[in-house]
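> Once you've had a glance at the structure underneath, I'll fire off some questions.
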Amino acid sequence: MSQVAHAAAGLERCRLLRPRRLEDAAAMLAESLGKGERAMALAGGTDVIVDRHLLPVDRATAIDCVIDLTGIADFHAIERRQVDGRSVLRFAGGVTYWDLRQSRDVGAHLPMLADMARDVGAVQIQTRGTLAGNVASASPAADGVAALLALGATLELVSAKGARRVALKDALLGYRKTALAPGELIGAIEVVVPSAGAKVFWRKVGTRLAQAISKVALASVVELDGDVVRSAAFGVASVAATTHALGGVSLAVAGASLASLDHAAVDAAVANDIRPIDDVRSTGPYRLHVTKALVRQALFL
Ligand SMILES: Cc1cc2nc3c(=O)[nH]c(=O)nc-3n(C[C@@H](O)[C@@H](O)[C@H](O)COP(=O)(O)OP(=O)(O)OC[C@H]3O[C@@H](n4cnc5c(N)ncnc54)[C@H](O)[C@@H]3O)c2cc1C
């Protein structure tokens, strides 16, 4: 069931639809796009509303139809199940940072995600902003995306044509650009819980914790066989055009023993992976320095 209303969302007039089921949301999006309308999904609005209000009226793109996802049943669900002997956490598309902080499963099995959520904005943002919205916005400074990259997350994309699964690392195509096709919604995000002996790391460096976008933020999951790195996955924010997976660093350390790792070689791999820039929050050289330091902490502490 849906409710239809006319709403003044910011400066423009648009049709507002509020579906109760994800399939209905996908159908509404398809129908609106099929009519040639400009349609978009709205979750917590913490990116959308800010972006639209920052733009001068004449530069804001008119939107014909907004699909409000906040009425979808069970869209805040966090479920844990066993798959091939590993614990998998599934976050429905409406899961907020606050949901992550409150979840017993996250607290018990993946506290790094709750730590990340605690560092996003302040409580007001955490209760509205969603993990899926963080992914769909594809900002280079996305804390949630950094954590999900380190966890090797998979996106479940839903459209009127059906569902497909895409690895998050393959879904980030460039600055604010994702592989979501028009009409696709993020229905859920899944991660495999790291093994008990893994080194799991989160650290955000910014001017202050609350409300500050990061100068650099790093998440990592290092799986070990004794002292040998079986795999190392990273997600780092604010050092490249997209929140970045540091693929070169992962390759440089895989199979090596931590005790014998060449720190200079790891630093060189970091420098090769990222393209930090100067902006209002920091400088490129400082960001490079901090990223190297965080990668060392993640590997060696
Ligand atoms: C004051 C403030 C502080 C902030 N601090 C931080 C911070 O410290 N770290 C950080 O990473 N971010 C921060 N943010 C941004 C963060 O709140 C957003 O990135 C948030 O996660 C986006 O989720 P949302 O639900 O609000 O998305 P919305 O704003 O509703 O939507 C954002 C985009 O995602 C799309 N979308 C939303 N849900 C879906 C879905 N299920 N499927 C497909 N597309 C979808 C929308 O169409 C839109 O294009 C901050 C924002 C503010 C205003």
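The values are calculated or read from the model by the stated rules, or taken from the named source; none is laboratory data. Bear in mind the structure is a predicted one, so any value in this text is a computation, not a measurement. For neighbour counting, all protein chains shown are included, and Cβ atoms are generated from backbone atoms with ideal geometry for every residue, glycine included. For the accessible areas, the whole protein counts, side chains as well, though only heavy atoms, and no ligand, DNA or RNA atoms are used. Shrake-Rupley method; radii C 1.70, N 1.55, O 1.52, S 1.80 Å.
> Among S238, S159, S260, determine the one that fluctuates most according to a GNM of the chain built with springs between C-alpha atoms less than 10 Å apart.
Sorting by GNM fluctuation, first place goes to S260.
> Continuing with the same structure: Of all accessible surface on the stretch 153-301 at a 1.4 Å probe, what whole percent is carbon and sulfur?
58 percent
> Which entries of K35/K169; K199/K292; K169/K292 have Cα-Cα distances beyond 27 Å here? Before the final figure, lay out the partial values.
On the way: K35/K169 32 Å; K199/K292 17 Å; K169/K292 21 Å.
K35/K169, as the Cα separations exceed 27 Å there.
> Give the residue from W98, L172, V229 lying farthest towards the positive end of the charge dipole for the chain; charges sit on Cβ (+1 for Lys and Arg, -1 for Asp and Glu) and the dipole is referred to the Cα centre.
So the residue we want is W98.
> Calculate the spin-label point distance for S231 paired with R38, positioning each point 7 Å from the Cα along the beta-carbon direction, and give it in nanometres.
Label-label distance for R38 and S231, simple model: 4.1 nm.
> Evaluate the Kirkwood expression for the hydrodynamic radius of the stretch 156-301, namely the inverse of the mean inverse distance over all pairs of different C-alpha atoms, and round to one decimal in Å. List each step's numbers first, then the result.
On the way: mean 1/r = 0.0601 Å⁻¹.
The Cα-based Kirkwood calculation yields 16.6 Å.
> How far apart, in nanometres, would the label points at L301 and A264 be if each is projected 7 angstrom from Cα along the Cα-to-Cβ direction?
Computed distance between label sites L301 and A264 equals 2.5 nm.
> Sort H289, H109, H76 by accessible area with a 1.4 Å probe, largest first. Spell out each step's value before the answer.
Values: H289 120, H109 65, H76 100 Å².
Solvent-accessible surface, decreasing: H289, H76, H109.
> Dividing the alpha-carbon radius of gyration of the stretch 118-236 by 2.2 N^0.38 Å (N being the number of residues), what value is obtained? Please list the in-between numbers first.
Working: Rg = 15.3 Å, N = 119, 2.2 N^0.38 = 13.5 Å.
Against the compact-globule rule of thumb, the ratio is 1.13.
> Follow-up. Rank N134, A252, G152 by how far each Cα sits towards the positive end of the charge dipole of the chain (+1 on Lys, Arg Cβ; -1 on Asp, Glu Cβ) and give me just the farthest.
N134
> Return the long-range amide H neighbours of C14 (sequence gap of 5 or more, or a different chain), with a cut-off of under 5 Å between placed amide H atoms.
Sorted by chain and number, the residues that satisfy this are A7, A9.
> Please identify the trypsin sites (Lys or Arg not before Pro) of the stretch 193-301 that satisfy two criteria: DSSP loop assignment and at most 15 other Cβ atoms within 10 Å. Which are they?
Working: sites: K199, R203, K204, R208, K215, R230, R281, R287, K292, R296; in loops: R208, K215, R281.
Passing both the DSSP loop test and the Cβ count: R208.
> Which value, in debye to the nearest 20, gives the size of the charge dipole of the chain about its Cα centre, when Lys and Arg are +1 and Asp and Glu are -1 at the Cβ?
Values: 34 positive and 30 negative charges, 69 e Å.
Computed charge dipole of the chain: roughly 340 debye.
> Relative contact order of the chain, please, whole-number percent, based on alpha carbon pairs below 8 angstrom and at least 6 residues apart.
Working: 648 pairs, mean separation 41.5, N = 301.
So the answer I get is 14 percent.
> Could I ask something else about it? What distance in nm separates the two pseudo spin-label positions at R165 and A62, each 7 Å out from Cα along the beta-carbon direction?
4.3 nm
> Give the ranking of R275, R52, R176 by solvent-accessible surface, highest area first, calculated with a 1.4 Å probe. Before the final figure, lay out each step's value.
Details: R275 150, R52 45, R176 110 Å².
Accessible-area ranking of R275, R52, R176, largest first: R275, R176, R52.
> I would also like to ask the following. Quick one: the Cα spread of the chain along its three principal axes, in angstroms, biggest first?
Each principal axis gives a Cα extent; for the chain these are 63, 45, 32 Å.
> Oh, and also: For E79 and K177, compute 0.36 nm times the residue count separating them, minus their Cα-Cα distance, and round to one decimal in nm.
Working: separation 98, 0.36 × 98 = 35.28 nm, distance 2.84 nm.
Roughly 32.4 nm would be gained on extension.
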